[in-house]
Amino acid sequence: QVQLVESGGGLVQAGGSLRLSCAASGRSSYIMAWFRQAPGKERGFVAAISVSGSSTAYVDSVKGRFTISRDNAKNTLYLQMNNLKPEDTAVYYCAARSGIVVIDKAFYPYWGQGTQVTVSS
């Protein structure tokens, strides 16, 4: 079992930056990922990271702008978001699973409550 708590969301102008954090309780040996859900849309994959942090995956729309990282000593996952666009507006969720990195949300049993990111044009 793991509990996840996101923070760091807010309102930012287009072109700005935000850093999301996700504090995890319990052991740190989980694959961690970020998903997001915009109003009226399904929750979609954003980025994922391996246990060691050596392997990452991103959805094409955020490549070059977002960076996922983790600090296992602090049991914390991060998402650095730069050059934000209005289409990045969504509730951002962190998620955890055992095993390998996957992008399908159905394979993540553990979820945080989400943090709102709003990008104004």
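Roughly speaking, to the nearest percent, how much of the chain's 1.4 Å accessible area is carbon and sulfur? Answer for the chain: carbon and sulfur cover 51 percent of the accessible area.
Taking amide H as placed 1.01 Å from N in the peptide plane, ARG65 has no amide H partner under 5 Å among residues 5 or more places away or on another chain. Between GLY114 and GLU6, CYS94, the built amide H atoms are under 5 Å apart, and every one of these is 5 or more places off in sequence or on another chain. Computed from phi, the 3J(HN,Hα) profile of the stretch 51-66 under the Karplus parametrisation 6.51, -1.76, 1.60 (θ = phi - 60°) reads 4, 6, x, 7, 10, 9, 9, 9, 6, 4, 5, 10, 4, x, 10, 10 Hz, with x in place of Gly and Pro.
Using a probe of 1.4 angstrom and keeping all protein chains present, the accessible surface of the chain works out to 50 square angstrom per residue. Take the Cα of VAL102, step 7 Å toward its Cβ, do the same at LYS74, and the gap between the two points is 3.0 nm.
Using C-alpha pairs under 8 Å with a sequence gap of at least 6, the mean separation divided by the residue count of the chain gives a relative contact order of 37 percent.
Can you pull the one-decimal nm distance between simple spin-label points at GLN113 and SER52, each 7 Å off the Cα toward Cβ? Modelled inter-label distance: 3.6 nm.
The values are calculated or read from the model by the stated rules, or taken from the named source; none is laboratory data. None of the values given here were measured: they were computed from a predicted structure. Every residue, glycine among them, receives a Cβ derived from its backbone with ideal geometry; neighbour counts consider all protein chains shown. Side chains are part of the model used for accessible areas, which takes the heavy atoms of the whole protein and leaves out ligands, DNA and RNA. Shrake-Rupley method; radii C 1.70, N 1.55, O 1.52, S 1.80 Å.
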